[in-house]
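Below is a structure I'd like to ask you about.
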Amino acid sequence: MSDYTKTTNFTAKDSLATGNANKIVKGSEIDDEFDNIVTAVATKSNTASPDFTGTVSAATAFVPDASDGATLGTAALEFSDLFLADGAVINFGDDQDVSLTHVADTGLLISSTDQLQFGDSGTYIFQSADGVLDLVS
């Protein structure tokens with residue numbers, strides 16, 4: 001990927017005195033500029049649907065353009081692995097009302113009074129009190 005680098009300073013030529021041989025713009029100078037532009041454009045990704053190679057890095061966050069506005073992967077193009085840090089939280093719902101939290105070296109913690117459901121909402125496991133696990137079926 002190449003950035004455009006200007007070869008000839010045409011503004012500097014404008015400030016030269018009339019009759020100065022360096023004031024003349026040569027075809028080779030224009031050709032060099034167009035070559036630099038062609039290289040820069042040809043090696044950049046389109047903004048509409050860019051294709052990236054290598055590792056994509058984000059310094060802060062990778063976000064969709066709107067709430068519920070994007071998917072990660074597709075039914076035909078799945079990602080293979082997901083690596084999250086100690087203490088990572090996965091939030092579900094528009095208001096993040098259900099979360100799954102990694103407890104370092106221990107396991108996963110489901111948020112507050114939420115439940116783990118099986119098949120439908122009629123079969124689930126939940127914590128009804130501290131140290132009490134209930135199964136409803």
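Using only Cα atoms and rounding to the nearest 10 degrees, what angle (0 to 90) does helix 27-42 make with the longest principal axis of the chain?
The angle comes out near 10 degrees.
Additional query: Relative to the present Cα-Cα distance, how much length would full extension add between F126 and F83 at 0.36 nm per residue of separation?
That works out to 12.8 nm of additional length.
Same structure again: Which of the lysines could be linked to K26 by a straight reach, that is with a Cα gap under 23 Å, when you skip same-chain ones fewer than 8 residues away?
List returned: K6, K13.
Let me ask you something else. Can you tell me the relative contact order of the chain? Whole percent, Cα pairs under 8 Å, sequence separation 6 or more.
11 percent
Going 7 Å from the Cα of T71 toward and past its Cβ, which residues in region 78-113 have a backbone nitrogen under 13 Å from where you end up?
78-79
Expected output is a single nm value to one decimal: the length gained when fully extending between Q117 and I30, i.e. 0.36 nm times separation in residues minus the C-alpha distance. What is it? Present the calculation step by step, with values, prior to reporting the outcome.
On the way: separation 87, 0.36 × 87 = 31.32 nm, distance 6.82 nm.
Difference between extended and current length: 24.5 nm.
Which semi-axis lengths, in whole Å and largest first, follow from the square roots of five times the eigenvalues of the Cα gyration tensor of region 1-57?
Numbers: eigenvalues 251, 21, 13 Å².
One finds semi-axes of 35, 10, 8 Å for region 1-57.
So, one more: So how much slack lies between A48 and L16, counting 0.36 nm per residue of separation and subtracting their Cα-Cα distance, in nm?
Details: separation 32, 0.36 × 32 = 11.52 nm, distance 4.26 nm.
Computed gain between A48 and L16 is 7.3 nm.
Here, each number is a calculation from the coordinates, and none is a lab measurement. All figures in this text were calculated on a predicted structure; none of them were measured in a lab. Ideal geometry is used to build each Cβ from the backbone, glycine not excepted, and the neighbour counts take in all protein chains shown.
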